[in-house]
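First the structure, in the form of structure tokens, and then the observations on it.
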Amino acid sequence: MPENTEIERRWVVKKVGEIEAGRKKAIYQGYFHPGTPAIRIRQSSNALSGDSYMVTFKSGAGMTRTEVEVPVNREQGELLMGMVQGRIGKMRHHIGQWELDQFYGALEGLYILEIELESEDEPLPPFPDCIEVMREVTGKKGWSNLDMAFMTDDKQRELVATAYARIE
């Protein structure tokens with residue numbers, strides 16, 4: 001995989017079991033505008049390393065995108081976080097090769113499972129036992145973190161309700 005290329009797939013999942021204790025971190029992401037390239041500031045927090053900040057630039061669509069990440073210090077990160085227009089918050093659980101994002105705020109109840117791959121045709125490892133996969137949303141309009149960050153609270157709640165209406 002070329003440097004600065006991200007190959008990622010995403011699924012909406014129904015949480016069906018307990019997530020084993022393990023690596024997790026709180027993530028707050030702010031986006032500067034709703035267009036492309038996606039430019040975000042991410043604050044990650046965990047008990048071991050505290051807070052870190054990363055500015056990310058992403059272009060492209062679908063599974064394979066160009067991504068450039070630039071770390072910034074706390075002062076710069078907090079300043080940039082104050083400049084954003086769209087925000088989301090989530091708890092990220094690491095389950096083997098998988099990352100399970102549990103969203104906060106108006107997106108409460110939404111779970112997205114992600115995996116980063118080395119190539120588009122790389123076989124997927126088995127899904128974690130603790131969840132039930134509902135449907136893949138890789139590259140689907142309205143399902144990127146950028147798209148969700150610019151939805152109103154009502155639209156975010158509607159997205160969650162619609163996503164899980166099929167399982168009720």
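The values are calculated or read from the model by the stated rules, or taken from the named source; none is laboratory data. Quick caveat, the model's predicted, so the values are computed rather than measured. Reconstructed Cβ throughout: ideal geometry from the backbone, glycine too, with neighbour counts over all protein chains shown.
Which residue pairs have Cβ atoms closer than 6 Å, lie 6 or more positions apart in sequence or on different chains, and pair a first residue in the range 102-117 that is within 20 Å of Phe150 (Cβ to Cβ) and charged (D, E, K, R) with a second residue that is in a loop (DSSP other than H, G, I, E, B) and at pLDDT 95 or above?
If the second residue must be in a loop (DSSP other than H, G, I, E, B) and at pLDDT 95 or above, no pairs are left.
Do you know which residues across the range 46-56 are farther than 16 Å from Gln76 by Cα and either among the aliphatic types (A, V, I, L, M) or at pLDDT 85 or above (or both)?
Within the range 46-56, Ala47, Leu48 qualify.
Please report, ordered by residue number, the strands (runs of 3 or more DSSP E) entirely within the range 1-114 with at least 2 residues that are charged (D, E, K, R) and farther than 22 Å from Glu136 by Cα. Break it down into steps so the answer makes sense when it comes.
Details: elements: 5-15, 24-31, 38-46, 50-59, 64-72, 86-95, 98-103.
Passing ranges, in order: 24-31, 38-46.
Could you please give the count of residues in the range 126-149 that are over 15 Å from Val13 (Cβ atoms), more than 14 Å from the chain's Cα centre (by Cα) and at pLDDT 95 or above? Spell out how you get there, then give the answer.
Residues of the range 126-149 that are over 15 Å from Val13 (Cβ atoms), as a first pass: 139, 141-142, 144-149.
Filter again for more than 14 Å from the chain's Cα centre (by Cα), leaving 141.
With at pLDDT 95 or above added as a condition, the list becomes none.
The number of residues fulfilling the criteria is 0.
Among the residues of the range 106-136, which ones are touching a strand residue (DSSP E or B) at 6+ places or on another chain (Cβ under 6 Å) and under 22 Å from Ile39 (Cβ atoms)?
Ile112, Glu114, Glu116
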